[in-house]
Amino acid sequence: RDLTPAAMGGKDAGKKIKETGGKTSADESLGMSSTERILRRIHDLYEKGLVHSDGTEKDGGSVGILEIASDPLLRLTDVHKPRKKVNVMIIGNHSAGKSSFINWYIGEDVQTTGVAIETRGFTYVTSGRKRETLKGDATFAFYDHIDGLAQFKGITENVFTEISTSKSKNFSCVDLLDSPGLVDGEMEYPFDVVESIVWLADHVDMILCFFDPIGQALCKRTMTAVERLNERHAEKLHYYMSKADQVEKEHDRQRVLIQITQNLAGRIKNSHAFKLPTIYLPRDGASSSQANIPNALEEVCEDVDKAIRLTVQKNLTTMKDDCAKILKSIDDAHDLDARRRKENNARAVKGWAFTFVGWCVASVLAYVALCETFAFGPVTATVKNHLLPFARQREQDVLEATLEAFLPDVDSTTGLMKKRWLGVPHGGAYAMLLLAAVLGFVEYVKRATWKFEPTMTKRDAKRMAGYRAYVQELGKVREELYREYFKGLSADRD
């Protein structure tokens with residue numbers, strides 16, 4: 001894949017971005033809202049990178065932010081793909097209206113409702129192009145960020161996904177997570193329901209807690225779950241008394257609200273800002289008394305919309321931070337390469353120095369070895385009786401001088417060979433052992449010194465330059481997305 005600045009965007013990238021306005025014709029044909037388009041665009045920038053106006057990759061040279069971050073020279077492990085939808089988990093006691101709320105919000109009956117305990121597992125409800133149901137492993141494959149949920153024994157068979165084609169409200173920007181109804185007593189769940197809820201809370205943006213005024217709103221499991229969630233996710237929690245229309249008398253509703261509030265007081269953080277509005281689903285044939293019951297149902301939708309807007313802002317900020325991390329990592333890679341090249345040069349100088357010393361020691365060792373060889377009786381006799389006469393006969397003066405230089409000196413008075421190596425017996429052998437040891441040490445130090453650190457190749461440097469230009473162009477995309485976001489906010493106000 002060509003990762004040069006030209007192939008990855010170059011000078012024309014800004015023009016193409018301006019022409020497309022950060023969106024694609026495919027998006028426009030689907031009639032997406034601005035928030036959905038922005039969330040999806042950010043998601044695609046992490047996976048695919050810059051694209052043509054028809055949604056296809058640019059000349060096969062476009063790469064996503066994730067692919068850049070995982071480059072062996074950068075190795076950024078803290079860059080993660082933002083989700084393109086807001087995740088909202090709904091918890092509460094049995095028959096609190098969780099599934100009914102989901103059906104109302106999307107305008108389609110995808111979840112079974114009733115007095116019986118209908119929801120025994122977790123169900124993701126998401127929008128898609130066709131109606132479909134996913135079970136177990138298929139759900140984990142669809143939502144790869146919840147792989148860790150499979151650690152809970154018995155949960156795989158109780159995780160589902162319902163895909164709906166509904167375009168109601170802001171459903172296209174939301175994944176709704178229906179949780180098991182919480183009850184006390186002899187009710188047995190096939191998995192640890194409270195721990196599963198707490199684990200999933202790390203992977204959602206918002207938690208709606210419904211309390212049923214008629215059922216078991218104050219059951220121990222519900223209170224335990226709320227208390228555990230408040231330890232780390234107090235800011236995500238929103239509390240509602242659901243099915244308020246089933247308690248028509250004002251003083252009865254107030255009594256129930258007081259009971260729920262008193263039970264929650266010691267279990268929640270920031271209790272001074274605690275709110276417990278009443279909600280109920282609209283139904284045909286409602287009495288006049290029910291019409292006077294306060295209903296914060298639209299506030300729930302507004303809270304979800306607010307979470308969507310905050311997620312757009314958070315994802316745009318995350319994209320900015322991740323691009324800054326990549327640029328800094330590129331600078332760090334160049335700095336490291338410069339330091340390694342300097343260190344490698346120093347190692348090379350030292351290596352050549354030790355090589356020269358090694359050659360010198362090896363030469364001395366060879367000289368000593370030849371001297372000892374020529375001092376050996378049979379060799380000495382062969383040289384004197386055959387080689388020297390041969391050299392003199394052929395008038396090879398250099399050869400003759402060389403042979404005589406290696407032969408041991410002879411005492412003219414006694415005719416015996418003079419002792420070498422200061423008269424130390426076997427001194428030559430000791431000298432050879434010492435020189436061999438020195439040569440081995442020099443070779444070891446040379447090999448240890450002459451180990452080069454890997455440096456950037458020309459292709460690596462070219463790729464880093466391409467990444468830098470590409471990420472800088474992504475900054476222009478982010479600016480376009482921010483303008484589109486602000487334009488959508490202005491349209492909403494109008």
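Have a look at 216, 262 and point out the one that is at pLDDT below 90, polar (S, T, N, Q) and either closer than 30 Å to residue 157 by Cα or surrounded by 13 or more Cβ atoms within 10 Å (Cβ to Cβ) (or both). Criteria check complete, one pass: 216. Residue 447 meets the conditions (1) of a type in the set (D, E, K, R); (2) touching an Asp or Glu at 6+ places or on another chain (Cβ under 8 Å); (3) closer than 19 Å to residue 356 by Cα in every case but one. The failed one is (2).
Just one residue in the set 431, 461 is open to solvent by less than 70 Å² (accessible area, probe 1.4 Å) and within 30 Å of residue 50 (Cβ to Cβ); that residue is 461. As an exercise: evaluate residue 178 against (1) closer than 14 Å to residue 124 by Cβ; (2) open to solvent by 10 Å² or more (accessible area, probe 1.4 Å); (3) among the acidic types (Asp, Glu) and give the number of the one condition it does not meet. Checking residue 178 against (1) closer than 14 Å to residue 124 by Cβ; (2) open to solvent by 10 Å² or more (accessible area, probe 1.4 Å); (3) among the acidic types (Asp, Glu), the one that fails is (2). Residues that are in a loop (DSSP other than H, G, I, E, B) and within 16 Å of residue 182 (Cβ to Cβ) within the stretch 211-241 comprise 212, 213, 214, 215, 216, 217, 218, 219, listed in sequence order.
Look through 330, 293 and report the one residue that is modelled with pLDDT of 95 or more, open to solvent by less than 20 Å² (accessible area, probe 1.4 Å) and either in a helix (DSSP H, G or I) or of a type outside the set (S, T, N, Q) (or both). Walk me through it before giving the result.
Values: 293 fails: modelled with pLDDT of 95 or more.
From the options 330, 293, the qualifying one is 330.
Taken together, the residues in the stretch 136-191 that are more than 27 Å from the chain's Cα centre (by Cα) and small (Gly, Ala, Ser) amount to 7. Scoring residue 223 on the criteria (1) touching a strand residue (DSSP E or B) at 6+ places or on another chain (Cβ under 7 Å); (2) open to solvent by less than 20 Å² (accessible area, probe 1.4 Å) leaves a single failure, condition (1).
No other residue among 447, 483, 478 is at negative phi and open to solvent by less than 100 Å² (accessible area, probe 1.4 Å) apart from 478. Against the numbered list (1) open to solvent by 80 Å² or more (accessible area, probe 1.4 Å); (2) farther than 30 Å from residue 454 by Cα, residue 362 comes up short only at (1).
Where helices (runs of 4 or more DSSP H) fall entirely within the stretch 13-106, those with at least 1 residues that are at pLDDT 90 or above and under 23 Å from the mean Cα position of the chain (by Cα) are at 34-47, 65-69.
Is it fair to say residue 381 is closer than 27 Å to residue 350 by Cβ, out of contact with any Gly (no Cβ under 8 Å at 6 or more places or on another chain) and either of a type outside the set (Val, Ile, Thr) or open to solvent by less than 80 Å² (accessible area, probe 1.4 Å) (or both)? Against the criterion (closer than 27 Å to residue 350 by Cβ, out of contact with any Gly (no Cβ under 8 Å at 6 or more places or on another chain) and either of a type outside the set (Val, Ile, Thr) or open to solvent by less than 80 Å² (accessible area, probe 1.4 Å) (or both)), residue 381 does not qualify. How many residues are free of Cβ contacts under 8 Å to residues at least 40 places away in the same chain, over 28 Å from residue 165 (Cα atoms) and open to solvent by less than 20 Å² (accessible area, probe 1.4 Å) if we restrict to the stretch 63-115? Residues in the stretch 63-115 being free of Cβ contacts under 8 Å to residues at least 40 places away in the same chain, over 28 Å from residue 165 (Cα atoms) and open to solvent by less than 20 Å² (accessible area, probe 1.4 Å): 1 in total. Checked against the criterion of being under 15 Å from residue 103 (Cα atoms) and surrounded by 20 or more Cβ atoms within 10 Å (Cβ to Cβ), the stretch 162-169 contains one or more residues that satisfy it.
The values are calculated or read from the model by the stated rules, or taken from the named source; none is laboratory data. What you see is a predicted model; the values in this text were computed from it and never measured. We place every Cβ from the backbone using ideal geometry, glycine too, and count neighbours over all the protein chains shown. These area figures cover heavy atoms from the full protein model, side chains too; ligands, DNA and RNA do not enter into them. Shrake-Rupley method; radii C 1.70, N 1.55, O 1.52, S 1.80 Å.
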